[in-house]
């Protein structure tokens, strides 16, 4: 392949990623709407739930590839609803640690319970090797983009 074909193909892939992102957000919103969640709130809950220890908002945002301000806004909403709690951070006076409350843990478990069969249905008929290859390609592109942003 030549460089133009490679860049045209990558541009097509990037456009498709934008489209699938929109579709995933809409599907996620629908999947958890009756729980009082959105895809954005669910994503933040997931970052908190999957973190091995409570983390400050800035670290959660970095792990998700999002802006701290957006994650802070969602954490503030979730705290007001009793879904997350903030704790003092012994390493930084102002960067409080975020953890799920029991209510937050229950919400995350229920969202996760719904996601598993949804993902199985979506994957039905797709080639497992192709899924793994696509995941690796997207991960490689993300790592390259993150490195370029650090320069």
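Listing for the model above:
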item	result
Rounded tilt (10° steps) of 68-80 against the dominant C-alpha axis of the chain	40
Overall Cα dimensions of the stretch 105-148, principal axis frame, Å, largest first	38, 30, 9
Label selected from (1) 15.3, 48; (2) 15.3, 44; (3) 18.0, 55, the criterion being Rg and Dmax of the Cα atoms in Å as computed here	(3)
Cα-based helix-to-principal-axis angle, 39-50 vs the chain, degrees rounded to 10	70
Coordinate range along principal axes, alpha carbons of the stretch 24-100, Å, largest first	39, 25, 22
Candidates 17, 84, 44: whichever shows maximal mean-square fluctuation once the chain is modelled as a Gaussian network with Cα springs under 10 Å	17
Zone residues, the stretch 1-45, relative to residue 144, backbone N less than 14 Å from point 7 Å out along Cα-to-Cβ	2-15
Mean projection area, nm², convex hull over Cα of the stretch 84-126	4.5
For the chain, built as a Gaussian network whose Cα springs stay under 10 Å, the top-fluctuating residue of 94, 113, 68	94
Between 0 and 90°, nearest 10: helix 128-150 axis offset from the chain longest Cα axis	70
Among 126, 100, 78, residue whose mean-square fluctuation peaks in a GNM of the chain (springs only between Cα atoms under 10 Å)	126
Contour minus Cα-Cα distance for residue 67 and residue 7 (0.36 nm per residue)	18.8 nm
Difference of contour (0.36 nm per residue) and Cα-Cα distance, residue 119 to residue 135	4.3 nm
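Throughout, read-outs are computed from the coordinates displayed, never taken from laboratory work. What you are looking at is a predicted structure, and each value in this text was computed from that prediction instead of being measured. In this analysis, Cβ positions are derived from the backbone assuming ideal geometry, glycine residues included, and neighbour counts consider all displayed protein chains.
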